[in-house]
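First comes the structure, then the notes that go with it.
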Amino acid sequence: MKAVAKSDLFRLLPSVDEVLRRPQLQSLTEANGHTATLEAARQALEQLRMEIAGGQLDEREVGRRIEDMPREIEQRLHDSLAVSLRPVINATGVVLHTNLGRAPLSRAALEHAAEIAQGYSNLEFNLATGERGKRDVHVDRLFARLVSTGERRISTIVVNNNAAAVLLALNSLAEGGEVLVSRGELVEIGGSFRIPDVMAKSGAVLREVGTTNRTRIADYERAITERTRLLLRVHRSNFQIVGFTEQPSLEELVALGRARNIPVLEDLGSGELYDLREVGIQDEPMMAGSLRAGVDVVTCSGDKLLGGPQAGIISGAPELVKKLRSNPLFRALRVDKMFYAALEATLLAYLREDYDSIPALRMMRIPAEELIRRAEQMAAQLRARCPQLSVEVRESRSVLGGGAAPGSVLPTRAIAVRSSILSADELSARLRQWETPIIARVEEDAVLLDLRTVGPAQETVVVSALEHISAETE
C-alpha cells in the first residue's frame, strides 16, 4: 500500500462540529452537558493529530480511529466526570487510619446527616420561641451529660478540627500574652503542623518550661509572670517518652492555675468518651476525667476515638467557652448542619451505651475468638478458590492509629497471602487497583489482611479480588 502523506492524513480529520453532530455524540451531550462533551471531543481530535504527527498511524488506522471516536469521547467523559473520592476496604488493621479518612460514621450518623442535609432544619432556629437560636445547642446538651462533673457546669462548642479548636482557644484566651507548656509536649501533628506554629498564628507567645523528658510543677511556677495567660497541657497522642521521665499531674497543674488565677487548657487530641481499658488499652485520657480534675478548657477531635465526623470539640467552663464563641474566628472555623447532625447521632449512641453502633468502637471491641473464626473461614475460601496462592492465618497486632494511644496494640488475626508469580508489593498494588480498592500492608514478603478493620460484608469482595488477580497471572 502506498504511503499517504501526513498532510493528507490531517485532511481526513473531521472538525469538532462534525463530530458533535453525530447521533451518538448528541446523546452524550444531553447526558453530560455541551461544555464537557466539547472538551472531550477536542482532546480526542488533538490526540489523533499528535499520533499522526509522530508517524504512528496509517490511513486505515486513522479511518478506524475516526469511526471509533464516539466511544473514545465517551470514555474520556467517563474519566473526566468520575468522582475521585472513593470508598476503599481498609485491611491494614489501623482502626483510625488518617490517610483513609479516620473514623467511619455510624449508620445513624449517616441517616441523620442525610435527613438534615436534604431539606431545611432548625439549625439556628428556636422552635419554642420562633426566634433565632444557636447551632451549639444541638450537641452542647449532649456533651453536658456525657462529661458531667457533678455540680460543675460544662459548655461545648464545635469547630472544624482540633487544630482549629486549639488555635481558637489560644487566640481567645492568650493573644498577646504568654502560654506555658512543657518542652516534652511541643508535638508535631499530621501534615507537619506543630504546636509552636499553631501558637504563633494564634498571637500567643510560647514559653517553654522544664525539659524534654522531665518537667515539674515548680518549672511552671517559676515561669509565671504578669504576662502569663494560660497553662497548656498537650497530650502526646502520637509518641511516647519512656524511661527517666516526670510530668506534673493534672490536679497539680489545676491547683497552680487556681492559686495564680490562670486558666488551664488541655489539648487531648483524640477525644475519648469510651473507657479504652475495656479493650485492654491503658492511660489514654478521657474528656470527663480531665474536666473532673478541674481543667478549665479541653479540646479534642471528633473523628478519632470519639468515632464521629471531623470536628474540633471545645468543652469547659461556660464563661471561657462563651469568650471563645464570641471570637470572630469562631464563625470562620465553625461546622455546618451535616457535621452537627452526624455528631449529634454519634453522641446519642454514647448516651444509650450502644457502643457497637459506632464503627471505630465496634472494631476495637471485636473479640479475639471472632477474628480467629473469620480469618480461618476466609483462609479456607482462598485456598479452595485460589490454588495459585499461599495462604496462612497469622497472629498479628492492630493499632488504633490517628495519633491515639501510641504504643498500644490490639491482638488480632491476619491472613498472610503470597503469590508464586507476583511479589508482595505487586500483589498489594493489584489490590489497590481493584474496583473497590483494597488497602493492605506488606510484611515479610507477604500481603497481610487484618480482618479487624474489614467488615464481614467486605470479605466476599476481598476473596473475589484475589481470585481474579491470581487467575489473571496464571
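Here are some notes:
- Checked against (1) touching a helix residue (DSSP H, G or I) at 6+ places or on another chain (Cβ under 8 Å); (2) under 23 Å from Val461 (Cβ atoms), Leu324 meets all criteria but (2).
- Residues being within 32 Å of the chain's Cα centre (by Cα) and either farther than 21 Å from Met199 by Cα or free of Cβ contacts under 8 Å to residues at least 40 places away in the same chain (or both) - total across region 254-268: 3
- Region 60-79, residues that are farther than 15 Å from Ser27 by Cβ and either at pLDDT 95 or above or more than 39 Å from the chain's Cα centre (by Cα) (or both): Arg60, Glu61, Val62, Gly63, Arg64, Arg65, Ile66, Glu67, Asp68
- Filter pass, Glu353 being over 30 Å from Ala163 (Cβ atoms), among the acidic types (Asp, Glu) and more than 26 Å from the chain's Cα centre (by Cα): no
- Reported count of residues in region 131-143, each being crowded, with 16+ Cβ neighbours inside 10 Å and assigned to a helix (DSSP H, G or I), is 5.
- Of all residues making up region 105-120, the number that are part of a loop (DSSP other than H, G, I, E, B) and either surrounded by fewer than 16 Cβ atoms within 10 Å (Cβ to Cβ) or free of Cβ contacts under 8 Å to residues at least 60 places away in the same chain (or both): 3
- Where a residue in region 438-456 is more than 15 Å from Val88 (Cβ to Cβ) and in a helix (DSSP H, G or I) and its partner, wherever it lies, is at pLDDT below 95 and among the charged types (D, E, K, R), with Cβ under 8 Å and at least six apart: Leu451/Arg413
The values are calculated or read from the model by the stated rules, or taken from the named source; none is laboratory data. All values derive from a computational prediction rather than experimental measurement. Positions of Cβ are backbone-derived with ideal geometry, glycine not excepted, and every protein chain shown enters the neighbour counts.
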